[in-house]
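Following: one structure in structure tokens, then a few remarks.
Laboratory data are not the source of any read-out in this text; all were calculated from the coordinates shown. Note that the structure is a prediction, hence the values are computed from the model and not measured. Cβ placement follows ideal geometry from the backbone for every residue including glycine, while neighbour counts extend to all protein chains displayed.
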Ligand code: C5P
């Protein structure tokens, strides 16, 4: 069964993070950016505020959804959550690789079984490795004595071995991940993307859309450069032009 996130044209690689607090604001953004984005990302704030109805509304409108709830719990619980994400019909969803091998294997297996039984396309399971907000000194306080990048690569390797379909990583980590995991089907989703001339906000390891794709990103996650702009369509059209050149 084919996974639900095939990429055919530049816009399919662009994910817009709907980091807004209400369904109305989210639907307004979807309306404003229709046709220029391959997928909409719904994270924990918007999902907690609106629940799965918003996901269903987007899917009914023909959009694809990336459910970014970063699941992390015992294997049975996360496997069941993954099945519910698949039942909703999202194209991709996230879990924390730090949930460990039994958890990741349980999710991948439960989702594959469910989708085969129902005859539906499988969502891509994605792993979050080390949150980019954590530095070596934060990890040391958690009993983890290594550089964040080393742990991130180890977790990405483990996720791949468990059948997870990709990771969320900064553009700067792509080379190391590709070197450690030569499987080109393993997707790398890159946030912290800034078209030249837009402010960095709190992101530190930035890349322009072209740099990220050249480095080997499969998908780009864009949030504030589009959300805070009074001309979101122009920004996206610019990015798509850059990606096709
Ligand atoms: O473009 P902007 O910085 O606003 O995008 C932020 C989005 O990317 C958020 O939805 C956030 O969850 C996501 N993200 C991130 N850094 C990571 C992982 C995800 O900013 N390391």
Taking Rh as the Kirkwood radius computed over C-alpha pairs, what is the Stokes-Einstein D of the stretch 169-245 at 20 °C in a medium of viscosity 1.002 mPa s, expressed in µm² per second? 166
What's the FRET efficiency of residue 201 with residue 136 using the Cβ-Cβ distance as r and R₀ = 25 Å, to the nearest 0.05? 0.60
Computed lengthening from residue 175 to residue 57, 0.36 nm per intervening residue step minus Cα-Cα distance: 38.8 nm
Mind putting together the pair-distance distribution for the stretch 10-244? All Cα pairs, 10 Å bins, whole percent per bin, short to long. 8, 32, 38, 20, 2
If R₀ is 35 angstrom, what is the calculated FRET efficiency for the pair residue 241 and residue 74, using the beta carbon separation as r and rounding to 0.05? 0.15
I need 114, 66, 71 ordered by Cβ neighbour count within 10 Å, fewest first. 114, 71, 66
Before anything else, pin down the relative contact order of the chain: Cα pairs under 8 Å, at least 6 apart, normalised by residue count, whole percent. 19
Does the stretch 26-138 come out rounded, prolate or oblate by the C-alpha gyration tensor, with a ≥ b ≥ c the root eigenvalues, rounded set by a/c under 1.5 and, if not, prolate when a/b is larger than b/c and oblate if not? oblate
Of 138-144, 57-63, ordering from highest average Cβ density within 10 Å down gives 57-63, 138-144
Expressed as a whole-number percentage, the relative contact order of the stretch 11-114 with C-alpha contacts under 8 angstrom and at least six residues apart is 23
Per the Kirkwood formula on distinct C-alpha pairs, the Rh of the stretch 112-245 is how many angstrom? 16.4
